[in-house]
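Can you read through this structure? Questions will come right after.
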Amino acid sequence: MRKSSSFAVLTATLLAGCGGNAQQQPPAPSAPQVGYVTLTPQSVTLSTELAARTAAFETSEVRPQVNGLITARLFTEGDEVRAGQPLYRIDSQPYQAQVASARAALSRAKAAIASNDALARRYGELVKINAIAKQDYENAITTAQQARADVSAQEAALRTATIDLGRTTVRAPISGRIGRSAVTTGGLATASQTTALSTIQRLDPIYIDITQSSAALLKLRQQLLAGQLSRGAGAARVRLKLEDGTTYPIDGVVKFADVTVDPATGSQTIRAQFANPNRLLLPGMYVTAQFIEGTQANALLVPQRAVSRDEKGNPVVMIVGPGDKVQPRTLTAPRTIGDNWLVTAGLKAGDRIIVEGAQNLQPGTPVKPVRWQAKAAKPDAAAAAAKGQ
């Protein structure tokens with residue numbers, strides 16, 4: 001009896017000890033949860049933002065074509081002027097005198113024609129009866145012909161004098177906005193002077209000169225030729241951001257790319273044209289031009305928050321690989337589109353990109369993948385309080 005009781009007590013003690021050890025063992029760790037997105041090909045529109053400068057559609061420097069004193073300025077600086085509008089008057093009295101002199105010389109030349117023609121006719125009758133030498137008759141004919149030539153010369157001189165008289169009124173060569181005047185009334189104007197009297201610029205429409213590297217343009221042409229990009233109806237459209245960060249409300253159109261490359265900078269100039277009805281754009285302004293390069297089909301976009309950098313600076317993402325284990329991928333991502341990187345190598349359609357929860361995870365770590373969705377931004381406390389009021 002005593003042996004049976006002792007065995008029962010020993011057995012109970014051992015069982016109790018084993019049960020205590022089982023309770024002290026920690027449970028097996030669960031796989032960490034990660035949020036992922038599935039890489040799906042999609043069509044994207046590629047655009048580029050480049051620095052640009054505005055340039056007038058037409059520019060004309062107003063210069064005098066005759067000499068003289070400025071007697072009047074006929075415009076207000078900064079106004080819109082139209083082609084042919086009088087801008088300055090130059091003292092016209094000397095040119096009026098030249099016109100009068102040329103007109104008198106023409107009358108004298110015409111009168112000489114009648115006298116010489118009559119003399120030639122008389123000599124013609126006399127030479128028939130040998131009353132004069134034949135040489136005298138021929139000289140009379142030549143003199144009559146010279147008189148007619150003098151009339152033509154005097155007519156040309158009169159036209160020249162009349163043109164110079166008309167140029168004493170300096171007119172606008174083009175329509176546009178005129179700038180400040182470089183001379184005042186009483187100033188001396190000289191034909192072909194180096195200093196312009198004023199400058200007129202046509203501002204509607206207006207040009208935007210965009211500078212882009214020739215290498216980038218060459219790459220774009222090669223992509224188009226290879227079929228990697230396609231150009232739609234909006235490919236030639238351009239948008240502008242102004243110096244204050246606002247967007248210009250009217251889209252422009254690309255007109256041409258310069259046919260030469262600047263050897264100093266290795267860049268080409270692309271010219272776009274914009275309507276400027278309110279004269280908001282002025283020549284020389286700095287703007288940012290955004291123009292569409294083309295559309296790329298089957299593009300792979302990876303959220304920027306999923307991309308990190310390795311020790312060499314290469315872009316890297318973590319994906320959920322076979323067996324739901326973490327695998328790293330090194331990417332080729334030449335550009336961003338919105339909040340995403342455009343990936344050209346390193347990933348394929350269907351890959352599960354870890355967007356959230358990949359911190360400190362080593363390659364090969366088992367994970368619990370869950371589809372990731374972007375969370376809406378929460379309003380700050382001040383905005384919430386204002387809304388509550």
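Report the calculated FRET efficiency for Gln65 and Arg271 (r = Cβ-Cβ distance, R0 = 22 Å), to the nearest 0.05.
Here the calculated transfer efficiency is 0.10.
A further question follows. At q = 0.14, 0.21 Å⁻¹, what base-10 log of I(q)/I(0) does the Debye formula yield for the range 33-74 when every alpha carbon is treated as an equal point scatterer in vacuo?
Reported log10 I(q)/I(0), two decimals: -0.76, -0.98.
Could you check the spin-label model distance between Arg279 and Ile132? Points 7 Å from the Cα along Cα→Cβ, value in nm.
7.2
Averaged per residue, what accessible surface does the range 250-359 expose to a 1.4 Å probe, in Å²?
52
Same structure again: Per the Kirkwood formula on distinct C-alpha pairs, the Rh of the range 33-119 is how many angstrom?
One decimal place: 21.4 Å for the Kirkwood radius.
Still on this structure, please answer the following. Would you grab the residues whose amide H sits under 5 Å from the one on Ile319? Only those 5+ places off in sequence or on another chain, please, with H modelled 1.01 Å from N.
Correct list: Gln327, Arg329, Ile354.
Taking only the Cα atoms of the range 47-196, how large is their convex hull per residue, in Å³?
193
Going by Cα centres, the range 292-362 and the range 146-191 are how many Å apart?
Comparing the Cα centres of the range 292-362 and the range 146-191, I get a distance of 72 Å.
Given a Förster distance of 22 Å, report the FRET efficiency between Asp339 and Val316 from their Cβ-Cβ distance, rounded to the nearest 0.05.
Plugging the Cβ-Cβ distance into 1/(1 + (r/R0)^6) gives 0.75.
Follow-up question, since we're still on this one. Give me the orientation-averaged projected area of the Cα convex hull of the range 273-355, in nm², one decimal.
8.8
Between Thr365 and Ser308, 0.36 nm times their residue separation minus their Cα-Cα distance comes to what?
Full extension of this stretch gives 18.7 nm more.
The values are calculated or read from the model by the stated rules, or taken from the named source; none is laboratory data. Just so you know, these numbers come straight off a predicted model, no measurement behind them. Cβ sites come from the backbone with ideal geometry, for glycine too, and all protein chains shown count toward neighbours. With ligands, DNA and RNA removed, areas are computed over all heavy atoms of the protein, side chains included. Shrake-Rupley method; radii C 1.70, N 1.55, O 1.52, S 1.80 Å.
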